[in-house]
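Presented below is the structure to which this report refers.
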Amino acid sequence: MSANNDTMGKTLLVTILLCVICSVVVSAAAVILKPKQVANKELDRKSNILAAAGISDPAKSVDELFQQITTKYVDLETGKFVDVASSYDETKAAKDPAQNIRLSRDEDQAGIKTIARVQPVYLVESANGAVEKVVLPVHGKGLWSTLYGFLALEGDLNTVVGLGFYSHAETPGLGGEVDNPAWKALWPGKEVYGEDKMDPKIQLIKGSVDASTADAEHKIDGLSGATLTGNGVTNLVQFWMGENGYAPFLNNLRAGEA
């Protein structure tokens, strides 16, 4: 009479072997797919930068269009361009005490606690090197999530070209309206600053903007039913365009001293 194959030991052996095989398959898939995931992430970044800058051409690929963009890095404390290693990652730098700036409660308008001291900026330049547009990464707290996006300015470094968010988890149909093309179309032509180029005046308001009201050039229609997300958008844009964000750099760029 043959021995019983349904022993506890054999069951455990089969289970362990299956776990090992599955782990190897998953690990191998992760390693094999990682280059593609990195490439897709980079393609998405480029696409969002181009969208904010209003650059599009169905006849050209994203990589071809992105050749119009020059990527540089800025030290927020000095407002000047700096060189970084090719492996530099501002997201990781924001978590590194040696590379970040910790914001005080009064400074932290965007609700993000720390920022990388060195940030990437994306320039569209003319043939003679004049800046035609600049695209700036921005992020900050909304209602349920941190919103990550890009704000593009004209060569006057004041007039908005476009704003777009590529990552957030706001409520669909409410805070999620930050993705609505009709709402994003309200941003181009708005002005970030008044005469004081360090203190941003741009903001979302409750309801719709009346073009005849004072400072209408600085105001954008609010998000109906999503006041807190709208406040978050105002706060993050004002923070990044202010003295703790890109304002020193933009002033240096205006003066030709970046």
Grab the other residues whose beta carbon is less than 11 angstrom from that of Thr159, score K and R as +1, D and E as -1, and report the net. -2
Measuring from its Cα centre, the range 68-254 shows a charge dipole (+1 at each Lys and Arg Cβ, -1 at each Asp and Glu Cβ) which, in debye to the nearest 20, is 400
Where the only charges are on Cβ atoms (+1 Lys, Arg; -1 Asp, Glu), what is the dipole of the range 19-104 about its Cα centre, to the nearest 20 debye? 220
Of Gly140, Gly173, Gly149, which is the most mobile in a GNM of the chain whose springs link Cα atoms less than 10 angstrom apart? Gly173
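For a test of the definition: using alpha carbon positions, the gyration tensor, and the 1.5 limit on a/c, classify the range 68-254 as rounded, prolate or oblate.
The shape class here is oblate.
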Estimated vicinal HN-Hα couplings, Hz - the range 104-109 in sequence order (Karplus 6.51, -1.76, 1.60; Gly, Pro = x): 6, 4, 5, 7, 7, 5
For the chain, modelled as a GNM with alpha-carbon contacts under 10 angstrom, which of Ala94, Ala59, Ala247 fluctuates the most? Ala59
Selected from Val62, Val233, Leu250, residue furthest toward positive end of dipole (the chain; charges at beta carbon): Val62
Let's see if you can work this out: charge +1 on each Lys and Arg Cβ, -1 on each Asp and Glu Cβ, no other charges. What is the dipole magnitude of the range 179-240 about its Cα centre, in debye to the nearest 20? 180
Please list, or write none, the lysines whose alpha carbon is within less than 27 Å of the alpha carbon of Lys41, excluding same-chain residues fewer than 8 places away. Lys60, Lys72, Lys92, Lys95, Lys113, Lys133, Lys141, Lys184
Given the rule -39500 (n - 2.57) for each run of at least 4 DSSP H residues, summed and divided by the residues of the chain, what is its mean residue ellipticity at 222 nm, to the nearest 500 deg cm²/dmol? -10000 deg cm²/dmol
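Throughout, read-outs are computed from the coordinates displayed, never taken from laboratory work. In this text the structure is predicted, and so the values were computed from the model without any measurement. Here Cβ is always computed from backbone atoms with ideal geometry, including for glycine, and neighbour counts include all displayed protein chains.
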